[in-house]
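The structure under discussion appears below in the form of structure tokens.
Just so you know, all these numbers are worked out from the coordinates, no wet-lab data involved. Predicted model, so just to flag it, every value in this text is computed and none were measured. Every residue, glycine as well, gets a Cβ built from its backbone with ideal geometry; the counts of neighbours run over all protein chains shown.
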Amino acid sequence: MNNVETMMNVLPIVLRGGPAFATRGTSASTGTKLFCLSGSVSRPGVYEVDFGATLRDLIDLAGGVVAGRSMRAVLLGGAAGTFATVDDLDVPLTFEATRAAGLSLGSGVVMVLDDTTDLVAYVRRIAAFFRDESCGQCVPCRVGTVRQEEMLDRMVAGADPRGERELMLDIGRVMRDASICGLGQTAHNAIESAVLKLGVLS
Ligand code: SF4
């Protein structure tokens, strides 16, 4: 067993049947989903909701953003996921709706970042994590994870962000298309999302 959530979904399907399970959620994303709320929320924890609940619903379930803070972004799907902004709060959290919105459900991680978060440091930490985690078996991931971290360092040092962005998109395409496993194929997602969507280092 490598995914307890999937195994737990088997139980209601066996006990009550697939059609009963599929009455929850949406037609393309049936049943319920576990989301792990962390970061700047009042009640961090694991919440189970029907597929189709929104980010706003989840943050409300977790007691809202910590008092006195305002939401800056949400890292959706973990380190290999993408950043959502306040404009995405009402996107239904289903496979189909998040894909259409350019977001990623990934592991179900919902990390809320508030206005005190140092986004540059945060994104550099993600890049360092993937550089460490790359096993080195294939070149696109082994070299790409190093190159994207170097790119962030150059941007912090004041390099022209337009040129760096072009390079970043190229590196990301190669990593996504040519890496052997899911780690390399997704190691660029959050970096690209932070630069293009949040405007980090722009
Ligand atoms: S993509 Fe997978 S196999 Fe290739 S270097 Fe990265 S972790 Fe290793």
Full-extension gain between Cys138 and Met1, please, as 0.36 nm times their residue separation minus the C-alpha to C-alpha distance. 46.6 nm
Along the range 74-90, what does the Karplus equation 6.51 cos²θ - 1.76 cosθ + 1.60 (θ = phi - 60°) give for ³J(HN,Hα), rounded to whole Hz, x for Gly and Pro? 10, 7, 9, x, x, 4, 8, x, 9, 8, 9, 10, 4, 5, 9, 4, 9
Can you give the FRET efficiency to the nearest 0.05 for Leu119 and Leu167, using r as the Cβ-Cβ distance and R₀ = 35 Å? 0.95
With a bin width of 10 angstrom, please list the P(r) values of the range 119-196 as percents of all Cα-Cα pairs, from the 0 bin to the one holding the largest distance. 21, 58, 20, 1
Could you give me the ³J(HN,Hα) list for the range 55-72, computed from phi with Karplus coefficients 6.51, -1.76, 1.60 and θ = phi - 60°, whole Hz, x at Gly and Pro? 4, 4, 4, 5, 5, 5, 4, 8, x, x, 5, 3, 3, x, 10, 10, 6, 9
How much length, in nm to one decimal, is gained on full extension between Asp87 and Leu34, taken as 0.36 nm per residue of separation minus their Cα-Cα distance? 16.8 nm
Placing unit charges on C-beta atoms (Lys and Arg positive, Asp and Glu negative, everything else neutral), compute the dipole magnitude of the range 4-114 about its Cα centre in debye, rounded to 20. 160
Taking the Cα centre as origin and putting +1 on Lys and Arg beta-carbons and -1 on Asp and Glu beta-carbons, what dipole magnitude results for the chain, to the nearest 20 debye? 240
Relative to the compact-globule scaling 2.2 N^0.38 Å, provide the ratio for the alpha-carbon radius of gyration of the range 18-71. 1.32
Express the C-alpha Rg of the range 4-114 as a ratio against the empirical globular expectation 2.2 N^0.38 Å, rounded to two decimals. 1.08
Based only on Cα atoms, what mean projected area does the convex hull of the chain have, in nm²? 12.3
Any chance you could check the Cα centroid distance between the range 134-202 and the range 1-62 for me, in angstrom? 31
In the range 63-202, taking the dipole from +1 charges on Lys and Arg beta carbons and -1 charges on Asp and Glu beta carbons about the Cα centre, the listed residue (Ser107, Gly144, Met168) farthest towards the positive end is Gly144
In nanometres, what is the gap between the two model label sites at Leu11 and Asp160, each 7 Å from Cα along Cα-to-Cβ? 5.9
Along the charge dipole of the chain, Cβ charges K/R +1 and D/E -1, which of Asn3, Ile59, Val41 sits furthest on the positive end? Asn3
